[in-house]
Each structure stands twice: as structure tokens, then as C-alpha cells.
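Student: First, the structure itself, so that you have it in front of you.
Each value in this text was obtained by applying a stated rule to the coordinates, not by laboratory testing. All values derive from a computational prediction rather than experimental measurement. Here the Cβ positions follow ideal geometry from the backbone for every residue, glycine too, while neighbour counts run over all protein chains shown.
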Amino acid sequence: MAKTKTKMKIFTIADYEKEEKWLESKHAEGWKLTKVVFPVFYVFEQTTPEKIIYKLEFNEEEVTEDYLKMYQDYGWEFFGSHVGWNYFRKLESEIMDESDKEIFSDNESKVEMVDKVFKSRMLPLLIVFFVAFLPQMSQLDRNIFGSSDIIFAIIYLILFVLYVSLLVYCGIKLIKMKRDLENK
Amino acid sequence: MDPKLRKIYVPMSETAFYILFSLQKPQHGYGIGLDVKEITNNEVSISPGTMYGTLSKMEKDGLIELLKEEEKRKIYQLTPLGNEILQIELNRIKRLYINSIGEEYYG
């Protein structure tokens, strides 16, 4: 049986292109991704080092047979889904021209995917922020001094800062990606 | 025709145009991609994500319909509505072309 290893790595919803590049570099080193285990574990299997293109498509619709068949016809191997992302790869030697490297050929469909990520991932996070985090915050403000809840308050504040940073980072990045695509 | 559809499809993207144009005869997604490459001398290619998404949208909008499924490939064809929209677009492009070479266009 081939040797396997598991790596922990965090990519935000706005970093899928970085994730593709990382998977490509792993494959070039002789480690092929076999599956992603929730939330951040990547399972690799040892293989011959090869130049492979990896692509992630955000698509929450059911993966149907005709959908997979079309990607397969175009030379893409589907090897799994993980929280709304479908993972595809293709041998670089099978690529005849630039367009074979992409799963989206026009900017409109690329923008559409960024929009989908925004709507189904960013919006829920924003809603949680406004209905759960913020009201809780005002509560803290009242109790923070001289309260036995000080440890809770500190943990809460750290989480709050992490949450806000993540929201701002992903929000700005997704908006920037969209703007770059629209101006291309 | 529904003004909303007119707004979406007139004028339409190159991708949408070639997909409708190709579906004047029954074809599946990958086959459309090959047809388009051939008639445009490899200058226009439509990737699977774009192809799948556009076909699904056009089917929902009633421009094309599913004819049958063969070996897991969905084979589509133009509906009368799809053909109507294609003709509007073809006329628009013809007018554009005729005007651009300095001749007069008579509809």
C-alpha cells in the first residue's frame, strides 16, 4: 500500500487559488491529495512527482453524473467534494492551449463563482456577527470590571478579534478578486 | 418575449451566442465545445464550468431543452424561443457588420 500522510492547513474561503497552488506543489513533490477531512486536514498519498493542475470549484448543487461526465470529457479528474468545493485535477501534459487549464473560460462565470462564495459563506458569517457577536459585546461591556467572568471576557474578546479579522480579510479579498475580474 | 429575457440575452456574450448557434442541431456540452473550437479556428473555447452553468441557465430560461441522455451526457436542442432569440441576435450582428463596412442595412 502506498505511503500516506496527513497535513493540517487552513485556507479561508477567499484563498482557493492559494490552495490550488499548494496542492500543485505537493503533487510535484510526489504527494497526491486523496481527500480533505473536515475541517482542515489534507490526506496525501505518495505518488510519482508530476506536474498537475488543480482546480477548486465552489458549487453547492448536487454533483450529478452528467456534470462529472462533462468535466471528464474535458479531461478533468474529479476526486471529491469538501464543504461545497469540488476538487478537480488534470495532467499538465494533456494541456494543448491556455484555455484547457481553466474550468471557467470567461470572466462572467469566474465572477459568478466569487459571488456564490460571498453569498453562501460570507453572508451567514456577517449575520452571525450582527445577531450573536455584537449584542453579546454590549453585555460584556457592563460586566467586564470586577466580574468573575473576566476569563470568559478575555476569551470572548480574543475570539471577537479573530472573527472580525477573518471577516475583514475574506471580505476585502473577495471584493478585490471580483473587481480585478470585472476590470480585466 | 419576456422583457427580462430580452435584457439578459440581447445582446449576448460570445459564449452564449456560440452555444445557441451550435444547438441548432442536437448536441451535448463537450460536443458544443468541440464544434465551437472548430468553427472559430480554436479562437473561442468554452471551459466545462462555463459550459455547464450556461446550459443550465438556458434550460431554465426555456431557450434550450433536454432531448435525451446518452452515456451520462445530456443532449440539448434549441426551443422555438431559443431560436427566436438567436435570430434577433443574428440580425443585430448582421446590422453591425453591414454598417461597419459602410453599406446600408434594410432589416
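Student: Taking the Cα centre of chain B as origin and charging only Cβ (+1 Lys, Arg; -1 Asp, Glu), how large is the dipole, in debye to the nearest 20? Write down the numbers at each step before the final one.
Tutor: Numbers: 14 positive and 15 negative charges, 55 e Å.
With Lys and Arg at +1 and Asp and Glu at -1, about 260 debye.
Student: So, one more: Putting +1 on Lys and Arg Cβ atoms and -1 on Asp and Glu Cβ atoms, find which of B:Phe17, B:Ile39, B:His28 reaches farthest to the positive end of the dipole of region B:14-73.
Tutor: Highest projection toward the positive end goes to B:His28.
Student: Over 32 Å between Cα atoms, which of A:Lys90/A:Lys184; A:Lys176/B:Lys72; A:Lys9/B:Lys37; A:Lys184/B:Lys7; A:Lys5/A:Lys178; B:Lys4/B:Lys74 qualify?
Tutor: Pairs exceeding 32 Å: A:Lys176/B:Lys72; A:Lys9/B:Lys37; A:Lys5/A:Lys178.
Student: For region A:75-114, rounded, prolate or oblate, judged on the Cα gyration tensor with a ≥ b ≥ c (square roots of eigenvalues), a/c < 1.5 rounded, else prolate if a/b > b/c? Write out the running numbers ahead of the final one.
Tutor: On the way: a/c = 4.10, a/b = 1.12, b/c = 3.67.
Note, shape of region A:75-114 comes out oblate.
Student: Then there is this: Give the angle, between 0 and 90 degrees and rounded to the nearest 10, that separates the Cα long axis of helix A:134-143 from the longest principal axis of the Cα atoms of chain A.
Tutor: 30
Student: Would you be so kind as to identify which of A:Trp85, A:Trp22, A:Ile158 lies farthest towards the positive end of the dipole of chain A, taking Lys and Arg as +1 and Asp and Glu as -1 on Cβ and the Cα centre as origin?
Tutor: So the residue furthest toward the plus end is A:Ile158.
Student: May I pose another question? At 222 nm, what value in deg cm²/dmol follows for chain A if DSSP H runs of at least 4 each add -39500 (n - 2.57) and the sum is divided by all its residues, to the nearest 500? Numbers along the way, then the final one.
Tutor: On the way: 6 runs with 83 residues, N = 184.
Per the formula, -14500 deg cm²/dmol.
Student: With θ taken as phi - 60° and the coefficients 6.51, -1.76 and 1.60, list the Karplus ³J(HN,Hα) couplings across region A:176-184 in order, rounded to whole Hz; mark glycine and proline as x.
Tutor: Calculated HN-Hα couplings, in order: 5, 4, 5, 5, 4, 5, 5, 8, 5 Hz.
Student: Which ³J(HN,Hα) values, rounded to whole Hz and listed in residue order, are derived for region B:65-70 from phi using the Karplus coefficients 6.51, -1.76 and 1.60 in 6.51 cos²θ - 1.76 cosθ + 1.60 with θ = phi - 60°, glycine and proline given as x?
Tutor: Taking θ as phi minus 60°, the curve returns 9, 6, 8, 6, 10, 10 Hz for region B:65-70.
Student: Still on this structure, I have one more. Which semi-axis lengths, in whole Å and largest first, follow from the square roots of five times the eigenvalues of the Cα gyration tensor of region A:68-184? Could you put the intermediate results ahead of the total?
Tutor: Values: eigenvalues 375, 51, 26 Å².
One finds semi-axes of 43, 16, 11 Å for region A:68-184.
Student: Per DSSP H run of n ≥ 4, the term is -39500 (n - 2.57); total these for chain B, divide by its residue number, and report the mean residue ellipticity at 222 nm rounded to 500 deg cm²/dmol.
Tutor: On the way: 5 runs with 61 residues, N = 107.
Estimated from H runs of four or more residues: -18000 deg cm²/dmol.
Student: On to the next question. Cβ under 15 Å from A:Lys5's Cβ, A:Lys5 left aside: what net charge do those residues give with Lys, Arg +1 and Asp, Glu -1?
Tutor: Details: positive: A:Lys3, A:Lys7, A:Lys9, A:Lys26, A:Lys32, A:Lys35; negative: A:Glu29, A:Glu45.
Charge balance in the 15 Å sphere: +4.
Student: Follow-up. Find how many whole Å separate the alpha carbon centroid of region B:1-49 from the alpha carbon centroid of region A:80-124.
Tutor: Region A:80-124 and region B:1-49 have Cα centres spaced 20 Å from each other.
Student: Out of the DSSP beta bridges found with both residues in region A:28-184, what percent are antiparallel (nearest 5)?
Tutor: 100
Student: Kindly write out, for region A:155-161 in residue order, the coupling ³J(HN,Hα) from the Karplus curve 6.51 cos²θ - 1.76 cosθ + 1.60 (θ = phi - 60°), rounded to whole Hz, with x marking Gly and Pro.
Tutor: Result, rounded to whole Hz: 4, 4, 5, 4, 4, 4, 5.
Student: Among A:Ile154, A:Ile52, which comes first, then next, by fewest other beta-carbon atoms within 10 Å?
Tutor: Numbers: A:Ile154 11, A:Ile52 20.
Ascending Cβ contact count within 10 Å gives the list A:Ile154, A:Ile52.
Student: Related question: R0 = 30 Å: FRET efficiency of A:Lys176 with A:His82, Cβ-based, nearest 0.05? Display every interim value, and only then the final one.
Tutor: Working: r = 24 Å, r/R0 = 0.81.
The computed FRET efficiency comes out at 0.80.
Student: Compute, for region A:4-125, the length of the dipole vector about the Cα centre, with Cβ point charges of +1 (Lys, Arg) and -1 (Asp, Glu) only. Units Debye, rounded to 20. Mind showing how you got there, number by number?
Tutor: Numbers: 18 positive and 26 negative charges, 171 e Å.
Charge dipole of region A:4-125: 820 debye, to the nearest 20.
Student: Below 8 Å, C-alpha to C-alpha, sequence gap of six or more: please give me the relative contact order for chain A in percent.
Tutor: Details: 194 pairs, mean separation 33.4, N = 184.
Dividing the mean separation by the residue count of chain A yields 18 percent.
Student: Counting alpha carbon pairs within less than 8 Å and at least 6 residues apart, what relative contact order, in whole percent, applies to region B:1-91? It would help to have the intermediate numbers written out before the result.
Tutor: Numbers: 98 pairs, mean separation 31.0, N = 91.
Contact order relative to length: 34 percent.
Student: Any idea how far the Cα center of region A:1-63 sits from the one of region B:50-107, in Å?
Tutor: Going from one Cα centre to the other spans 38 Å.
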